[in-house]
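Engineer: Quick one: structure below, then a few questions.
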Amino acid sequence: MNKNTKIQLNNGKEMNAFGLGVYLSKEGDECINAVNWALQEGYRLIDSAALYENEASVGQVVKESGIDRADIFVTTKLWNSDHGYDNTLRAFDQSMEQLNLDYVDLYLVHYPVEGKRLDTWKAMERIAEDGRCRSIGVSNYMSWHLNELLANCNIPPAVNQVEMHPYCFGAERKKTVELCREQKIIIQAYSPLVRAKKMDDPPLLSLAEKYGKTPAQILVRWALQEGFSVIPKSSKEHRIKENGEVFDFEITTEDMEQIRNLNENKIVCWDPTQTP
Ligand SMILES: NC(=O)c1ccc[n+]([C@@H]2O[C@H](COP(=O)([O-])OP(=O)(O)OC[C@H]3O[C@@H](n4cnc5c(N)ncnc54)[C@H](OP(=O)(O)O)[C@@H]3O)[C@@H](O)[C@H]2O)c1
């Protein structure tokens, strides 16, 4: 595994296992610097969203990077207020305008908005046939949201981006992971660093010490070894570098299990289990 390792998607395309999240990286210098530093460090996947209001910065850096467009994987997402068939098509056009790229690699439904998500998916399927989008997927879908979608779709989602770290790895999340594995839907782990809220947790610190790594690096490596794609966020150059230095060690099977047992059902972002 290295920074450019790819995961096979269920539509025949590939996605990078490792990348940069840009939630709360402000449009303009902050986001531009973060994406530039990440690309210089060898990151090749950038995860944005209409909500983050930084698609223009992401698109600009990708265009001006001098790296082949085909070698960078760009994701953006449909925001909750844009659900519904026509709104989804319109929102996709707006994101493409902001990104100012010929195509996006992955377009995700940001959240399973109740009552609207099936109509939205029909538009997503149309978008999948548009030359401007390579793959479509979902985010924050738990097992029942996925089962509903799988029973009503022509094109299954290629990716499910969900909050994923050891501290939320309880029964519900495991069930979602199992279903995704069965259906060949790749899990992409968001908030993989638990938003830096667990960096001082003693068992995590002692594992970090054992491997000569930082807590953040243990969390990123854990996600990769679970077979998830992972998108840690930082807007600081030294942390972008640190979070990427996870390809020179391997967590043992026993320690992987120990890390899984850190679960506290702790959610730092949305809790989609509250959405029927
Ligand atoms: N689909 C969704 O609903 C959804 C929801 C949430 C997130 N996401 C995506 O997933 C990405 C990552 O999730 P996230 O941003 O929520 O949280 P995260 O990656 O778990 O944590 C980011 C936080 O940790 C800090 N940090 C980064 N590296 C660190 C390190 N090595 N040591 C200590 N602190 C560190 C960052 O601060 P600095 O920036 O100051 O370094 C930031 O405050 C997002 O950026 C976004 O792209 C998607």
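The values are calculated or read from the model by the stated rules, or taken from the named source; none is laboratory data. All of these numbers come straight from a predicted model, not from anything done at the bench. Reconstructed Cβ throughout: ideal geometry from the backbone, glycine too, with neighbour counts over all protein chains shown.
Engineer: Take the residues in the stretch 70-96 that are of a type in the set (A, V, I, L, M, F, W, C) and over 24 Å from S229 (Cα atoms); name whichever of them is nearest to the ligand (Cβ to nearest atom).
Structural biologist: Result: A91.
Engineer: Taking A123 as the residue in question, decide whether it is away from the ligand (no atom under 16 Å from the Cβ), at pLDDT 95 or above and either closer than 19 Å to I231 by Cα or not aromatic (F, W, Y) (or both).
Structural biologist: So A123 fits the description; yes.
Engineer: How many residues, within the stretch 188-223, are closer than 30 Å to L9 by Cα and either outside any loop (DSSP other than H, G, I, E, B) or of a type in the set (G, A, S) (or both)?
Structural biologist: The number of residues fulfilling the criteria is 16.
Engineer: Output the number of residues of the stretch 193-221 satisfying the condition of being out of contact with any strand residue (DSSP E or B) (no Cβ under 8 Å at 6 or more places or on another chain) and near the ligand (Cβ under 9 Å from one of its atoms).
Structural biologist: 10
Engineer: More than 22 Å from H110 (Cα to Cα), of a type outside the set (F, W, Y) and out of contact with any His (no Cβ under 7 Å at 6 or more places or on another chain): is that true of Q217 in this structure?
Structural biologist: yes
Engineer: Here are some residues: I67, I46. Which one is in a loop (DSSP other than H, G, I, E, B) and either within 13 Å of the ligand (Cβ to nearest atom) or in contact with a Leu (Cβ under 9 Å, 6 or more places away or on another chain) (or both)?
Structural biologist: I67
Engineer: If you go through the stretch 227-276, how many residues are in a loop (DSSP other than H, G, I, E, B), of a type in the set (K, R) and exposed (fewer than 15 other Cβ atoms within 10 Å of the Cβ)?
Structural biologist: Qualifying residue count, the stretch 227-276: 1.
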